[in-house]
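These notes are about the structure you will find just below.
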Amino acid sequence: MPLFDTLAVVFSLFLSMLLVLENYYDFEYFLLLVLISVAISQLIFISFKLHVVVAKYTCLNSLLLILKATFLYAFFFGFLLLVSTDDFTFKVALANWIVVTFVMVNSRIFAKYLFFIKDDKKVKNVIIYGAGNAGMQLISALKHSSKYNLICFIDDFAKLQGNIVGGLQVHSLDDLGSIIKKSEVCEILIAMPSASRTKRLDIINTLESYPVLVRMLPGVAELAEGKISIGDLREVSIKDLLGRESVEANKDLLGKNITNKVVVVTGAGGSIGSELCRQIVFLKPKALILYEMSEYNLYEINAECLILNSKLEEKAKQLNIHYSKLNIIPILGSVNNRTRLTNVFERFDVDTIYHAAAYKHVPMVEFNNTEGVDNNIFGTLNCAQVAIDTGVETFVLISTDKAVRPTNTMGATKRSAELVLQALAAKQSTTKFTMVRFGNVLGSSGSVIPLFKQQIKAGGPVTVTDVNMIRYFMTIPESVELVIQAGAMGLGGDVFVLDMGKPVKIDDLAKKMIRLSGLEVKDDTHPEGDIEVTYTGLRPGEKLYEELLIGDNVSGTDNPLIMRAEEELLTWDELEPILNNLQTAIQDCDQHKLRELLIELVPGFKPQCEISDILYFNNFGKKIK
């Protein structure tokens, strides 16, 4: 670009002299003027950085910059001619300025078609939904990117419609379909971070019918301070599709069992366990013990907690606030190692336990029944009994909606774990046991959402178990925040149930994710679509829908998203002999006895499939008698 600008100055000088001056000047004189004009112009143009003002980024501010630079050039060049020669006329300077400005502005506009025409397929025509402050900041960010071509704004506010905002016209939603078709729009960017989740869900549902990729800025609380950047844009997530409005947390409840206490999280490296650890760090415990069986998962969550702790310490220094550095203790261990648990709880004088360690993947537990029972039931029993023996104040079990009228071994083991804690709660008063039951969390290991994303990215097909399958969903941070609060409400033996909102039909979710990716579902109605949805059938242990309550005896709490359930339980004297028999069945790998005892222990357990444990069959696929 600097070479082109130099040629533009020489050409402009020649043309202006030709148009204005009648006298003929020899070549040496003209060459002298060229050297002077080039020297002055390059000093000014480089200082104004005109070489980066290329066609792709040209806007009103860029044009004004060119005008200022060329005016200064013409002024200094004219002044130099005025003091050095008698032949100078004002017309030469004026003509020179007009011609050089015209050439430089139009050359940049022309370059758009000459140099960038080949990249048209790479440039995305986009519409910004929301002409407010966030939309204006997004314009500034996108104008410096060669990947986007801004078409217009869409805004619901009638007074803005028809006006020009930030150089773009504002249209109503009614015009969207025709604009998308006319301008070949491939993306819509939602710039409404301050809108409620319900409002954003309404917008997403409206945009779903258009063949465009929908991306959005996250909520105000999620955006970092400062100007909005392209990096803040993200694809619409399942969290956006839920449209759940959050309820402000009770800070007293959050800190009740954590602040200035020694806290243990079992299964600390899992989906729920790791988020528990993150939130606990911010609640300032005396010490946080990360108890985890997987070495890699323990390494990951330990490193993350150390980083969070350092950031809190640094922030406290900046604000001149005293901060006692948190003692984070990574412990490798299994919940079935009772000796290890005793040593840890005694050594660190533990106050609170969040028991998140469990095998939770339904088909995987179905294929490994004995390990599922051993870990989920007896691992919980070990932790609970050691907690009582070592004087732990509070024990909170992370349970699941699959414990309600279970159709699989995993659900039956989690309901059994609840029964174990309820029986122990009635038997003693040393440790307060609380259970918190909720449904699927977004982004957990084995979750269907990441699977759908991978399948869409790979071009499909997207696999859905059954067209009628429904599930409850909640974000991991929200569920953990409610778990901590519910755990603090417990009086002993309580079962709390989290309000999961409206159930989501998995088939609808899959199709919505396809359409919001800018693709079309391929089916009988649209045989030319992009991605097909196929149905695989129920896997071992799965059921079409989940429940959160066993009975109807439920009461509210101070938090509208937390309910207290009153359900039937067993006494320890009734429970103990069944547990002893279960241990024997595990040792003998007796799959028939194991299932019989689970049905006895959990009357609502209705197995959806035959015994599927891998060791129940010999190498030739025949059942072992």
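The values are calculated or read from the model by the stated rules, or taken from the named source; none is laboratory data. This is a predicted model, so every value here is computed, not measured. Every residue, glycine as well, gets a Cβ built from its backbone with ideal geometry; the counts of neighbours run over all protein chains shown.
Got a sec? Which of Gly411, Gly391 is within 33 Å of the chain's Cα centre (by Cα) and either assigned to a strand (DSSP E or B) or small (Gly, Ala, Ser) (or both)?
Criteria check complete, one pass: Gly411.
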For region 182-197, state whether one or more residues are of a type in the set (A, V, I, L, M, F, W, C), farther than 18 Å from Leu138 by Cα and not in a loop (DSSP other than H, G, I, E, B). no
Which residues, counting only those in region 139-181, are in a strand (DSSP E or B), of a type in the set (A, V, I, L, M) and under 27 Å from the mean Cα position of the chain (by Cα)? Leu150, Ile154
Here are Leu72, Leu63: which of them is assigned to a helix (DSSP H, G or I), modelled with pLDDT of 60 or more, among the aliphatic types (A, V, I, L, M) and surrounded by fewer than 17 Cβ atoms within 10 Å (Cβ to Cβ)? Leu63
Total residues in region 514-542, condition within 21 Å of Glu187 (Cβ to Cβ), part of a strand (DSSP E or B) and either touching a residue at least 40 places away in the same chain (Cβ under 8 Å) or more than 27 Å from the chain's Cα centre (by Cα) (or both): 2
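Per-residue answers, yes or no, for (1) under 21 Å from Val10 (Cα atoms); (2) of a type in the set (Ser, Thr, Tyr); (3) at pLDDT 70 or above; (4) touching a Phe, Trp or Tyr at 6+ places or on another chain (Cβ under 7 Å):
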{"position": "Phe110", "(1), (2), (3), (4)": "yes, no, no, no"}
{"position": "Leu114", "(1), (2), (3), (4)": "no, no, no, no"}
{"position": "Ile127", "(1), (2), (3), (4)": "no, no, yes, no"}
{"position": "Asn133", "(1), (2), (3), (4)": "no, no, yes, no"}
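Return the residue satisfying two criteria in turn: it lies in region 15-37 and is closer than 18 Å to Val103 by Cα and in contact with a Leu (Cβ under 9 Å, 6 or more places away or on another chain), and of such residues it is modelled with the lowest pLDDT. Spell out how you get there, then give the answer.
Taking region 15-37 and keeping what is closer than 18 Å to Val103 by Cα, we get 15-20, 34, 37.
Right, trim to in contact with a Leu (Cβ under 9 Å, 6 or more places away or on another chain) and you get 16-17, 20, 34, 37.
Working: Ser16: 68, Met17: 68, Val20: 62, Val34: 73, Ser37: 72.
Restricting to residues being closer than 18 Å to Val103 by Cα and in contact with a Leu (Cβ under 9 Å, 6 or more places away or on another chain), the top hit is Val20.
Per-residue answers, yes or no, for (1) at pLDDT below 90; (2) touching a Phe, Trp or Tyr at 6+ places or on another chain (Cβ under 7 Å); (3) among the aliphatic types (A, V, I, L, M); (4) more than 19 Å from Met364 (Cα to Cα):
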{"residue": "Thr557", "(1), (2), (3), (4)": "yes, no, no, yes"}
{"residue": "Leu579", "(1), (2), (3), (4)": "no, no, yes, yes"}
{"residue": "His592", "(1), (2), (3), (4)": "no, no, no, no"}
{"residue": "Glu610", "(1), (2), (3), (4)": "yes, no, no, no"}
Inspect all residues belonging to region 333-347 and state whether any of them is crowded, with 17+ Cβ neighbours inside 10 Å, among the hydrophobic types (A, V, I, L, M, F, W, C) and under 33 Å from the mean Cα position of the chain (by Cα). yes
Of the numbered conditions (1) assigned to a loop (DSSP other than H, G, I, E, B); (2) closer than 21 Å to Gly460 by Cα, Lys511 satisfies every one except a single condition; which is it? (1)
Evaluate the following for Ala425: is it touching a His at 6+ places or on another chain (Cβ under 9 Å) and either assigned to a helix (DSSP H, G or I) or at pLDDT 95 or above (or both)? no
